[in-house]
Amino acid sequence: MLPAICLIFFISTSSAQDVNKILSDADKQFQKSEYLNASKLYEEALKKSPMDLTAQYNLGIAKFRLNEIEGATEAFKKALGLSKDKSMSAKIFYNLGVAFLKSANYPEAITAFRNALKLNSEDRDCRENLQFAINQNKKQPNQKQQNSGMSQKEFKEQQKSEQKLSKQAAEKILQSAQQEESRVRDSLRSKKSNRQNRATKNW
């Protein structure tokens, strides 16, 4: 991966600067809560630089804020494929877990949080979210068993209620997203600064 990146900078520094400009514009849109505009700009940056981890990861965050959970999980999975840094991979797994929590996919959330903890065993928030996902997952089989004795009307009402996250779950997801956003954006700002320095040196 490293030789390919060096080659891109060497062949076309202007292209690297274009990507930096797009990412800068995307970040400004994100900070204004213009998540749709931000996601489009991150996608534009990825067309020019498909291996850009910052663009891929931030796209996942923007999609999550737009409540496009499927798009967010896809972006985070692609970001995992690009990440070579243990700490960054842990953060991506964490966000992937939060996205799975949002869609009430507790088995996948459990897997993601466990993977994050393998890379960063000291992450207290991740450990708490893992326990929360495990507890929620345990409730699901019990709910299905209870459904067997319900009338059709009761069963439909139960299905509707299951589709909605509980207030506690929603609050947990929001809290997790806010904590992770502040934590990761600091990390990405540092990486962005390093990328700009590399581009400047090559120019």
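The values are calculated or read from the model by the stated rules, or taken from the named source; none is laboratory data. All of these numbers come straight from a predicted model, not from anything done at the bench. We place every Cβ from the backbone using ideal geometry, glycine too, and count neighbours over all the protein chains shown. To get the accessible areas, we keep the full protein, side chains included, count just its heavy atoms, and leave off ligands, DNA and RNA. Shrake-Rupley method; radii C 1.70, N 1.55, O 1.52, S 1.80 Å.
Details
- Residues of the range 39-73 satisfying the condition of being crowded, with 23+ Cβ neighbours inside 10 Å and among the basic types (K, R): K63
- Members of the range 91-111 that are closer than 23 Å to S39 by Cα and buried (at least 20 other Cβ atoms within 10 Å of the Cβ): K91, I92, F93, Y94, N95, L96, G97, V98, A99, F100, L101, K102
- Qualifying helices (runs of 4 or more DSSP H) (wholly inside the range 15-126; at least 2 residues being in contact (Cβ under 8 Å) with a residue 40 or more places away in the chain and of a type outside the set (F, W, Y)): 53-65, 86-102
- K32 open to solvent by 40 Å² or more (accessible area, probe 1.4 Å), closer than 21 Å to L82 by Cα, at pLDDT 90 or above and of a type outside the set (F, W, Y): no
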